[in-house]
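Each remark here refers to the structure printed beneath this line.
The values are calculated or read from the model by the stated rules, or taken from the named source; none is laboratory data. All of these numbers come straight from a predicted model, not from anything done at the bench. Counting neighbours? That spans all protein chains shown, and the Cβs are built from the backbone with ideal geometry, glycine included. Please note that ligands, DNA and RNA were not included when accessible areas were found on the heavy atoms of the full protein model with its side chains. Shrake-Rupley method; radii C 1.70, N 1.55, O 1.52, S 1.80 Å.
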Amino acid sequence: MGHRVTLIPGDGTGPELTEATRRVLEATGVAFDWDVRQAGVDVMDEAGTPLPEETLASVRENGVALKGPITTPIGTGFRSVNVALRHELELYACLRPCKTYPGVRSRYENVDLVIVRENTEDLYAGIEYEAGSEEAEKVIAMLNGLQAKQIAGWSGISVKPISHAASERIIRFAFEYARENGRREVAGVTKANIMKFTDGLFLDVFREVAKDYPDVEAREVLVDAVCMGLVQRPEEFDVLVLPNLYGDIVSDLTAGLVGGLGVAPGANIGTHAAVFEATHGSAPKYKGQNRVNPTAMILSGKLMLEHLGEREAAKRLEDAVATVIAEGRSVTYDLKPTRDDPTAVGTSEYADAIIAELAR
Ligand code: NAD
């Protein structure tokens, strides 16, 4: 019996990317028992929701899902399926490895870092008060009564909660990840010199947790300095753990360092479930054209293999992807020197080239 995994093809270009990834994963020789479930705009009419309960139940039961991108319907009242999945399954850790592969156009070489982003709190907790609203004025009046520093009327307010428990959970996750994956260092990224009680707490917890991992170096860095350091010497970074907002911004920066969305894999991981998916969206304008680059999704599949304990297969898969990209022959348009290169192949032919490489 193979690994039971929920497979969510998604919408837009999701189904073609997922199919390419499924074929490549099976070509590693690892056995899977796919539990295919639907989500996204294509099932909304029939199911009455973009995230059917049975899909959620399947991920809960199997504990592992491979997911294609899903469009966020605008103006329908439905919230993003991606956000809902993270929330419902409490996927508190967002993992985004960023690595340069020769053949992918990038300004840098030898980048191999991993962003670990806290997914549940911080300014993303969704606690906001609109300027001029009764609630905002109440909050402002209450806060103005507590301190000398006064907040101006007609201010919008966003609340930044950072808890000890959530900080400990994500920081421990980062150190465990570093240890399991033979990483040298974890950098704790904050602005603790300014936000003493939120980022300051995160940093205190970072120092506490680091003591339990004497085999992994712990580095404390400020988020502004990290941005400059990443642009100047990205090869010096290893694992970075960040609160939600900084993690969101810095992970896009690091994806840019290594060649952009087409090659940026990701995973959202919780205590009971893990969902593996590319960083990019559903690229709906290319839907059904067999054109987009499945590398990000295939490398998300490689992360899933590691999560399932199939490390040897994960390594072979990554090597095969790297070889096909380095050869530069059977690659999608975005990996060619110019976007209108007539020798570019489609999504499915690129997957075939990786499968052929795995068979060698
Ligand atoms: P997008 O990532 O779909 O596209 C941004 C740009 O990158 C487009 O030019 C697109 O053509 C290109 N691109 C993306 N993936 C590519 C690939 N694999 N190969 C080649 N080119 C690629 O972002 P968007 O247009 O802002 O979003 C489209 C939809 O996807 C929105 O509804 C958004 O909410 C959703 N989205 C979903 C997820 C997810 O499922 N996790 C993530 C981000 C956005």
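Of note:
- Residue count for the stretch 70-119, restricted to those that are among the β-branched types (Val, Ile, Thr) and closer than 18 Å to Glu277 by Cα: 8.
This table checks each residue for (1) of a type in the set (S, T, N, Q); (2) buried (at least 19 other Cβ atoms within 10 Å of the Cβ); (3) not assigned by TED's automatic domain parsing to the domain that holds His307.
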{"residue": "Ile127", "(1), (2), (3)": "no, no, yes"}
{"residue": "Ser133", "(1), (2), (3)": "yes, no, yes"}
{"residue": "Met142", "(1), (2), (3)": "no, no, yes"}
{"residue": "Leu146", "(1), (2), (3)": "no, no, yes"}
{"residue": "Ser155", "(1), (2), (3)": "yes, no, yes"}
{"residue": "Glu176", "(1), (2), (3)": "no, no, yes"}
{"residue": "Ala192", "(1), (2), (3)": "no, yes, yes"}
{"residue": "Met195", "(1), (2), (3)": "no, no, yes"}
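- One residue alone among Gly266, Gly260, Gly270, Gly288 is open to solvent by less than 40 Å² (accessible area, probe 1.4 Å), at pLDDT 95 or above and either out of contact with any Phe, Trp or Tyr (no Cβ under 6 Å at 6 or more places or on another chain) or closer than 14 Å to Thr21 by Cβ (or both), and that residue is Gly266.
- Just one of the listed residues (Val43, Val64) is at pLDDT 95 or above and surrounded by 13 or more Cβ atoms within 10 Å (Cβ to Cβ), and it is Val64.
- Among the strands (runs of 3 or more DSSP E) confined to the stretch 228-324, the ones with at least 1 residues that are within 16 Å of the ligand (Cβ to nearest atom) and in contact with a helix residue (DSSP H, G or I) (Cβ under 8 Å, 6 or more places away or on another chain) are located at 267-269, 274-276.
- Residue within the stretch 202-219 that is outside the structural domain of Ala322 (by TED's automatic domain parsing) and under 29 Å from Thr295 (Cα atoms) present: no
- Taken over the stretch 105-140, the criterion of being of a type in the set (A, V, I, L, M, F, W, C) and modelled with pLDDT of 95 or more is satisfied by Val111, Leu113, Val114, Ile115, Val116, Ala131, Ala136, Val139, Ile140.
- With a requirement of 1 or more residues that are touching a residue at least 24 places away in the same chain (Cβ under 8 Å), in contact with a Cys (Cβ under 7 Å, 6 or more places away or on another chain) and within 14 Å of the ligand (Cβ to nearest atom), the strands (runs of 3 or more DSSP E) lying completely within the stretch 33-121 that satisfy it span 112-118.
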